[in-house]
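The values are calculated or read from the model by the stated rules, or taken from the named source; none is laboratory data. Note that the structure is a prediction, hence the values are computed from the model and not measured. Cβ placement follows ideal geometry from the backbone for every residue including glycine, while neighbour counts extend to all protein chains displayed.
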Amino acid sequence: MISFSAKLDKSFPRGIHIGESTAVSFGAVILAHDYSRGLHVHTRIGDRCMIAANSFIFPGVTIGDECIVAPGSVVVKDVPSNTLVMGNPARAIEQGIETGRWGRLVRDGIKPVPAPASRSGRKRVDAGDPSLLQNA
């Protein structure tokens, strides 16, 4: 799931590789080129990751499976699988995490519980639910 406002490198689009069930949030920037050094390199993001809002992924970086990049983080180095990173430059805050679909954090083997119905009685809808596309 890639937000419409995420910025993926248009100078070398085939250099961006995003794994299955990975979410790229609004304002995130993922680069695969560096004009100052004349580089066109591959930038890879693994499966079940969350690249949060306004994050910046430098060219040539590899982010492993089941990682979370916190909002506003600047990732300049590779991130090992199952790691939560944050900051500028991004640093590992927690290792050994487990994520589910779209990079949602799973704690102690318990999957996140769906949101309850709203008080107004209207049904809440998960924006990541693919069944919503069937009715579009």
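Observations on the structure shown:
- Residue tally, condition part of a loop (DSSP other than H, G, I, E, B) and either surrounded by fewer than 18 Cβ atoms within 10 Å (Cβ to Cβ) or among the polar types (S, T, N, Q) (or both), over segment 2-11: 5
- Of everything in segment 77-123 that is assigned to a strand (DSSP E or B) and of a type in the set (D, E, K, R), the residue that is modelled with the lowest pLDDT is ARG107.
- Screening segment 14-41 for residues that are modelled with pLDDT under 90 and not in a loop (DSSP other than H, G, I, E, B) and picking the one that is farthest from PHE58 (Cα to Cα) gives LEU39.
- Unique residue being crowded, with 18+ Cβ neighbours inside 10 Å, in contact (Cβ under 8 Å) with a residue 40 or more places away in the chain and among the hydrophobic types (A, V, I, L, M, F, W, C) when the list is MET86, MET50: MET50
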